[in-house]
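J.: First the structure, which I've put down as C-alpha cells, then a few questions once you've had a look.
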Amino acid sequence: MKLYNTLTRNFTNYGQTKKVNIYGCGPTVYNYIHIGNARAIITVDLLVSFLQFQQIEVNYIQNYTDIDNKIINKATAEEKTEQQIAEFYIKAFEEDVFNLNVRTPTKRVRVTEHIKDIITFVQKLVKIDATYEVNGSVYFNITNYQTEYGKLANKKLAELAVNARIDHDANKHSQYDFALWKQTTEGISFPFYDQKSKLYQGRPGWHTECVVLIDKFFHKETIDIHAGGIDLVFPHHENERIQFLAKNKSEIAKIWMHNGHLNVADEKMSKSLNNTILVRNFIKLYGANTLRYLLYTTNYTQPLNVTESLISSAQGETGKIFKVLKAMNLYLAEYDLNYNLIKHGENIKKVLAELGNNLNSPNVLTIISKMIKIINGQLRDKKLDLQLASDFYNIIFNIINFNFNLPVISGEIRRYLLEWIKSKNNKDFVKADELRKILLKKDIL
Ligand SMILES: [Zn+2]
C-alpha cells in the first residue's frame with residue numbers, strides 16, 4: 001500500500017508486511033471531542049480496519065494528554081481536581097469513539113502513568129548535551145540540530161516561526177527551542193533531579209510526552225506510521241522527531257500521516273465563532289454512520305468543508321446503504337441463504353486497491369453506490385448474486401467500519417415473512433396487509 005508521507009512530501013510504499021506499528025496523538029482531556037477530532041480518529045480507524053481485514057497485525061498506540069495547562073484551568077474554574085477533569089473527559093471520549101464504532105487501539109496510554117519514563121528520557125537528553133536549563137525548566141537546544149530541524153514542516157529555520165503555535169517564553173535562548181520539562185508548582189507537578197541532584201519541580205512538555213511513549217512502547221524502534229492532524233506538524237511533530245533523532249540517532253517514524261483541516265461552513269471551528277460541532281451532538285442529530293460517510297467523501301489529506309447539504313446528502317446515502325442491507329437480509333431469510341464472508345469477490349479487491357492507494361475513500365463510496373444499484377436490481381428480479389451481496393456486507397461492516405443495526409430474523413419472524421410473501425403471491429391482500437403490519441412493527445421491513 002502507499003500513503004502520503006509529510007516528511008518526504010511524496011508517497012511511501014510499503015509492500016507486504018505482517019505487522020504495522022502506529023502511533024496517533026490522542027486528545028488533551030479537558031473537553032468533549034468535536035468532529036474535527038473525529039476526522040483524525042476515523043482516518044486511523046479506516047487504516048487499521050483496512051490492514052486488519054488483510055490479516056495484518058496492527059500495534060496501534062494512542063495517548064491521553066492528561067496533564068496540561070488547559071486541564072489545570074478547567075479544574076480551577078470548576079473547583080475540581082485535574083484528575084477529576086481528566087477522568088471525566090477520558091470517559092466521555094471513550095463513549096464517543098465507541099458510538100462512532102472506532103476499533104479500540106492496542107493500547108490507550110495516559111501520560112501521567114509514565115512520568116518516570118519521561119524523566120529518564122529528559123535526563124538522557126541532558127546527558128548528551130541536547131538541552132539547557134533556565135530557572136528549573138529544561139529546554140531542547142535546537143542549535144546543534146539545525147540541519148534536521150524543520151525537515152518535517154519543510155521549512156528553513158527562519159520561516160518556521162510564522163503563524164506557528166510556539167510558546168513564547170523569555171527563558172528560551174532561541175524561539176525555536178522548546179520545553180522538555182517545565183518548572184511549575186501549579187497543578188500536578190513532579191520532582192525531577194539532575195545529575196548534580198538538583199531538584200526540578202515541574203511537569204513534562206507536551207512534545208516530550210508523545211516521543212517518550214513511542215520510545216517506550218515501540219522499544220526505541222522506528223515506527224511505521226505516526227498519525228495526527230495537519231495542525232500538529234509544527235511544532236508538535238517536528239519537536240517529537242528531533243528529540244527521537246537526538247536520543248536514538250534514528251527516525252521516529254517511516255511515514256508521517258496527516259489528515260487535513262475540517263471546517264464548518266467555510267469557517268474554522270472555534271469557541272469565539274460558537275460553531276463547534278461536538279461528536280456527541282452530531283451523533284444525536286444525524287447518527288454516527290452519517291459522520292463516517294461524510295468524512296469518507298473527501299480524501300483524508302484534503303481539507304473538508306462540512307455544510308448542511310453535505311450532511312444531508314451523507315445522511316441520505318447512509319439511509320440507502322441501510323435499506324439495501326435490510327432488503328438483502330430479508331432475501332437471505334426468504335431463500336434460507338447465508339453470506340459467505342470468507343470468500344472475497346471482485347468488489348472487495350477493488351475496494352482494497354482503492355484503500356491501498358492512500359486510503360482513497362471517495363472512490364470506495366463510488367464503488368458502493370454502483371453495488372447498491374446492481375443489488376437493488378437483482379433483488380427486484382429475485383436473482384441476488386450471493387457473492388456480490390457478501391462482498392457488500394463485508395465492505396460495509398468489516399472494511400470501512402460502518403455500524404448498522406440490522407434486525408435479527410428469528411425462526412418465528414421468518415415464518416411471518418414467508419407467509420406474507422405467500423399471501424402476496426396468492427393475492428390474499430387482507431392477510432398480506434396484516435402480516436406486513438406485524439413485520440413493520442418488528443422493524444423487519
Ligand atoms: Zn503527540
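The values are calculated or read from the model by the stated rules, or taken from the named source; none is laboratory data. Treat the numbers as computed from the prediction; the structure is a model and nothing was measured. Cβ sites come from the backbone with ideal geometry, for glycine too, and all protein chains shown count toward neighbours.
J.: Report the residue count in the range 207-225 for those that are more than 11 Å from the ligand (Cβ to nearest atom) and in a helix (DSSP H, G or I).
T.: Our first condition is that a residue be more than 11 Å from the ligand (Cβ to nearest atom); within the range 207-225, this holds for 215-225.
Of the ones still in play, those that are also in a helix (DSSP H, G or I) are 215-217.
Counting residues in the range 207-225 that are more than 11 Å from the ligand (Cβ to nearest atom) and in a helix (DSSP H, G or I) gives 3.
J.: So if I check each of GLY187, GLY228, which one is assigned to a strand (DSSP E or B) and closer than 26 Å to LYS74 by Cα?
T.: Details: GLY187 fails: assigned to a strand (DSSP E or B).
So the residue among GLY187, GLY228 that is assigned to a strand (DSSP E or B) and closer than 26 Å to LYS74 by Cα is GLY228.
J.: Between TYR23, TYR30, which is touching a residue at least 60 places away in the same chain (Cβ under 8 Å) and outside the structural domain of LEU355 (by TED's automatic domain parsing)? Quick ask: steps written out before the conclusion?
T.: Values: TYR30 fails: touching a residue at least 60 places away in the same chain (Cβ under 8 Å).
Of TYR23, TYR30, the one residue that is touching a residue at least 60 places away in the same chain (Cβ under 8 Å) and outside the structural domain of LEU355 (by TED's automatic domain parsing) is TYR23.
J.: Return the total of residues in the range 381-392 being touching a helix residue (DSSP H, G or I) at 6+ places or on another chain (Cβ under 7 Å) and either farther than 17 Å from ASP336 by Cβ or in a loop (DSSP other than H, G, I, E, B) (or both). Walk me through how you get there before you give the answer.
T.: Narrowing the range 381-392 to residues touching a helix residue (DSSP H, G or I) at 6+ places or on another chain (Cβ under 7 Å): 384-385, 388-389, 391-392.
Checking the rest, the ones that are also either farther than 17 Å from ASP336 by Cβ or in a loop (DSSP other than H, G, I, E, B) (or both) come to 384-385, 388, 391-392.
So the count comes out to 5.
J.: Scan the range 404-414 and tell me whether some residue there is surrounded by 12 or more Cβ atoms within 10 Å (Cβ to Cβ), within 30 Å of THR298 (Cα to Cα) and not assigned by TED's automatic domain parsing to the domain that holds PHE50.
T.: Checked against the condition, which is being surrounded by 12 or more Cβ atoms within 10 Å (Cβ to Cβ), within 30 Å of THR298 (Cα to Cα) and not assigned by TED's automatic domain parsing to the domain that holds PHE50, the range 404-414 yields at least one hit.
J.: Let me ask something else. Taking the range 271-296 only, how many residues are closer than 19 Å to GLY228 by Cα and polar (S, T, N, Q)?
T.: The qualifying residues number 0.
J.: Sticking with this one: Just to verify a result, which residue in the range 223-252, among those that are surrounded by fewer than 19 Cβ atoms within 10 Å (Cβ to Cβ) and of a type in the set (Asp, Glu), is farthest from THR147 (Cα to Cα)?
T.: Per the criteria, the residue is ASP231.
J.: A follow-up question, please. Could you list all residues from the range 240-287 that are among the basic types (Lys, Arg) and either in a strand (DSSP E or B) or closer than 29 Å to THR222 by Cα (or both)? Explain how you work it out, then say what you get.
T.: Taking the range 240-287 first, the residues among the basic types (Lys, Arg) are 241, 247, 249, 254, 268, 271, 280, 284.
Matches in the range 240-287: ARG241, LYS247, LYS249, LYS254, LYS268.
J.: Could you give me the residue pairs with C-beta distances under 7 Å whose first residue belongs to the range 50-67 and is at pLDDT 95 or above, whose second residue is assigned to a loop (DSSP other than H, G, I, E, B) and basic (Lys, Arg) wherever it lies, and which are 6+ apart or on separate chains?
T.: Taking only residues 6 or more apart or on different chains, the pairs are ILE56/LYS18; GLU57/LYS18.
J.: Another question, if that's okay. Can you confirm whether the range 171-182 contains a residue that is away from the ligand (no atom under 16 Å from the Cβ), within 31 Å of the chain's Cα centre (by Cα) and in a strand (DSSP E or B)? Before the answer, list the steps.
T.: As a first pass, look at the range 171-182 and keep what is away from the ligand (no atom under 16 Å from the Cβ): 171-177, 181-182.
This time we only want the ones that are within 31 Å of the chain's Cα centre (by Cα), so: 176-177, 181-182.
When the remaining residues are screened for being in a strand (DSSP E or B), the result is 181-182.
Yes, because at least one residue in the range 171-182 is away from the ligand (no atom under 16 Å from the Cβ), within 31 Å of the chain's Cα centre (by Cα) and in a strand (DSSP E or B).
J.: Got a sec? Which strands (runs of 3 or more DSSP E) wholly within the range 1-112 have at least 3 residues that are within 16 Å of the ligand (Cβ to nearest atom)?
T.: Working: elements: 2-5, 10-13, 19-24, 57-64, 107-110.
Because the criterion is at least 3 residues that are within 16 Å of the ligand (Cβ to nearest atom), the strands (runs of 3 or more DSSP E) in the range 1-112 that meet it are 19-24, 57-64, 107-110.
J.: If the requirement is being without any contact (Cβ under 8 Å) to a residue 12 or more places away in the chain and either more than 23 Å from GLU221 (Cα to Cα) or among the β-branched types (Val, Ile, Thr) (or both), which of these qualifies: GLU95, GLU113, GLU79?
T.: Working: GLU95 fails: without any contact (Cβ under 8 Å) to a residue 12 or more places away in the chain; GLU113 fails: either more than 23 Å from GLU221 (Cα to Cα) or among the β-branched types (Val, Ile, Thr) (or both).
Result: GLU79 is the single residue among GLU95, GLU113, GLU79 that is without any contact (Cβ under 8 Å) to a residue 12 or more places away in the chain and either more than 23 Å from GLU221 (Cα to Cα) or among the β-branched types (Val, Ile, Thr) (or both).
J.: Do any residues in the range 224-240 that are closer than 15 Å to LEU157 by Cα have Cβ atoms under 9 Å from those of residues that are part of a helix (DSSP H, G or I) and more than 11 Å from the ligand (Cβ to nearest atom), where the two are at least six apart or on different chains, and which pairs are they?
T.: That search, which allows pairs on different chains as well, returns PHE234/LEU160; PRO235/LEU160; GLU238/LEU160.
J.: Restricting attention to the range 284-299, does a residue exist that is under 30 Å from THR17 (Cα atoms) and β-branched (Val, Ile, Thr)? I'd like the intermediate steps shown before the answer.
T.: Taking the range 284-299 as the starting set, the residues that turn out to be under 30 Å from THR17 (Cα atoms) are 292-293, 295-299.
Now narrow it down to the ones that are β-branched (Val, Ile, Thr): 297-298.
So far as the range 284-299 goes, yes, one or more of its residues are under 30 Å from THR17 (Cα atoms) and β-branched (Val, Ile, Thr).
J.: How many residues are over 28 Å from ASN135 (Cβ atoms), surrounded by fewer than 21 Cβ atoms within 10 Å (Cβ to Cβ) and in contact with a Phe, Trp or Tyr (Cβ under 9 Å, 6 or more places away or on another chain) when one looks only at the range 183-222?
T.: Looking only at the range 183-222, we keep the residues that are over 28 Å from ASN135 (Cβ atoms), and these are 214, 216-222.
Then drop every residue that is not surrounded by fewer than 21 Cβ atoms within 10 Å (Cβ to Cβ), which leaves 216-222.
Still in the running and in contact with a Phe, Trp or Tyr (Cβ under 9 Å, 6 or more places away or on another chain): 216-218, 220, 222.
So the answer is 5.
J.: Does the range 307-340 hold any residues that are without any contact (Cβ under 8 Å) to a residue 40 or more places away in the chain and among the β-branched types (Val, Ile, Thr), and which are they?
T.: Hit for the range 307-340 is ILE311, nothing else.
J.: Another question, then. Given the structure, is LEU213 modelled with pLDDT of 90 or more, in contact with a strand residue (DSSP E or B) (Cβ under 9 Å, 6 or more places away or on another chain) and not polar (S, T, N, Q)?
T.: Numbers: modelled with pLDDT of 90 or more: yes; in contact with a strand residue (DSSP E or B) (Cβ under 9 Å, 6 or more places away or on another chain): yes; not polar (S, T, N, Q): yes.
Answer is yes for this residue.
J.: Got a sec? Which of THR8, THR43, THR28, THR12 is of a type in the set (Val, Ile, Thr), in contact with a Ser or Thr (Cβ under 6 Å, 6 or more places away or on another chain) and modelled with pLDDT of 95 or more?
T.: Working: THR8 fails: in contact with a Ser or Thr (Cβ under 6 Å, 6 or more places away or on another chain); THR43 fails: in contact with a Ser or Thr (Cβ under 6 Å, 6 or more places away or on another chain); THR12 fails: in contact with a Ser or Thr (Cβ under 6 Å, 6 or more places away or on another chain).
Within the list THR8, THR43, THR28, THR12, the selection yields THR28.
J.: Does ALA246 fit the bill of being touching a strand residue (DSSP E or B) at 6+ places or on another chain (Cβ under 6 Å), assigned by TED's automatic domain parsing to the domain that holds TYR139 and small (Gly, Ala, Ser)?
T.: Details: touching a strand residue (DSSP E or B) at 6+ places or on another chain (Cβ under 6 Å): no; assigned by TED's automatic domain parsing to the domain that holds TYR139: yes; small (Gly, Ala, Ser): yes.
In short, no.
J.: Inside the range 305-343, can you point out the residues that are among the charged types (D, E, K, R) and either outside the structural domain of THR366 (by TED's automatic domain parsing) or in contact with a Pro (Cβ under 8 Å, 6 or more places away or on another chain) (or both)?
T.: Let us first name the residues in the range 305-343 that are among the charged types (D, E, K, R), namely 308, 317, 320, 323, 326, 334, 336, 343.
Of everything in the range 305-343, just one residue is among the charged types (D, E, K, R) and either outside the structural domain of THR366 (by TED's automatic domain parsing) or in contact with a Pro (Cβ under 8 Å, 6 or more places away or on another chain) (or both), namely LYS326.
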